[in-house]
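Structure first, then comments.
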2 protein chains.
Amino acid sequence: MSGNLLALPDDMGGTTERFEELLCRSGFRIERIISSGQASPPGFWYDQDVAEWVVLLSGAAELQFEDEAAPRKLVPGDWIDIAPHRRHRLNWTDPSQPSVWLAIHYR
Amino acid sequence: MSGNLLALPDDMGGTTERFEELLCRSGFRIERIISSGQASPPGFWYDQDVAEWVVLLSGAAELQFEDEAAPRKLVPGDWIDIAPHRRHRLNWTDPSQPSVWLAIHYR
């Protein structure tokens with residue numbers, strides 16, 4: 001299996017984020033996510049049972065943790081290891097360009 | 001834990017590749033590798049006990065599999081899932097710029 005993480009699908013431009021599973025193995029899975037201006041709904045927090053190691057590969061985003069006062073502004077290359085049940089939300093993704101993420105969900 | 005995969009260490013420019021472990025969990029580990037013009041020695045083949053999912057994030061490289069006639073030219077975003085014991089070597093990495101890899105070694 002091979003591919004290119006930065007190659008965009010032909011049917012980009014919808015109103016939802018795109019999720020694409022690249023590898024799934026016991027204990028972890030690798031996923032590509034493409035945001036195009038989406039943000040978490042007001043008041044919504046991700047509260048995940050599994051840990052997530054995530055890196056922004058292109059674009060720009062703002063990630064807010066409930067336990068931090070200020071949001072984190074993310075630029076390409078920025079990675080964060082998010083512990084299970086650490087509540088967070090996506091305040092903003094750049095609407096002018098695709099934001100490509102690589103996420104590793106693990107137990 | 002957080003960081004930036006594209007941020008280069010202050011002491012770049014040595015003659016060896018740099019390996020940096022970012023996460024190590026049961027069954028897999030995440031590593032950043034920075035090549036700066038290195039290639040595998042003539043006749044050398046990687047023959048790894050564990051699988052490796054690897055993506056080139058910046059720079060350029062040429063990856064050769066023993067079971068393929070032609071090498072694969074890799075550009076940023078290109079990922080490959082390499083099965084255990086699939087023999088491969090790095091023919092070339094661009095000497096004019098750092099080539100940053102993200103590798104996930106897994107069982």
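The values are calculated or read from the model by the stated rules, or taken from the named source; none is laboratory data. As the structure is a prediction and not an experimental result, all values here were calculated from the model. Cβ sites come from the backbone with ideal geometry, for glycine too, and all protein chains shown count toward neighbours. We work out accessible area using only protein heavy atoms, side chains counted, and drop any ligands, DNA or RNA first. Shrake-Rupley method; radii C 1.70, N 1.55, O 1.52, S 1.80 Å.
Just give me the residues in region A:30-67 being more than 14 Å from the chain's Cα centre (by Cα) and within 13 Å of chain B (Cβ to nearest Cβ), in sequence order. Within region A:30-67, just A:VAL50 meets the criteria.
Starting from residues that are part of a loop (DSSP other than H, G, I, E, B), surrounded by 12 or more Cβ atoms within 10 Å (Cβ to Cβ) and free of Cβ contacts under 8 Å to residues at least 40 places away in the same chain, keep the ones in region A:68-88 and report whichever is nearest to the other protein chains (Cβ to nearest Cβ). Within region A:68-88, the match that is nearest to the other protein chains (Cβ to nearest Cβ) is A:GLY77. Is it true that B:ASP11 is part of a strand (DSSP E or B) and either within 14 Å of another protein chain (Cβ to nearest Cβ) or surrounded by fewer than 18 Cβ atoms within 10 Å (Cβ to Cβ) (or both)? Criteria not met by B:ASP11.
When B:PHE44 is tested against (1) among the aromatic types (Phe, Trp, Tyr); (2) surrounded by fewer than 17 Cβ atoms within 10 Å (Cβ to Cβ); (3) outside any loop (DSSP other than H, G, I, E, B), just one condition goes unmet, and that condition is (3). Residues in region B:90-107 that are farther than 25 Å from B:CYS24 by Cβ, out of contact with any Asp or Glu (no Cβ under 8 Å at 6 or more places or on another chain) and open to solvent by 30 Å² or more (accessible area, probe 1.4 Å) were compared, and the one that is farthest from the other protein chains (Cβ to nearest Cβ) is B:PRO95.
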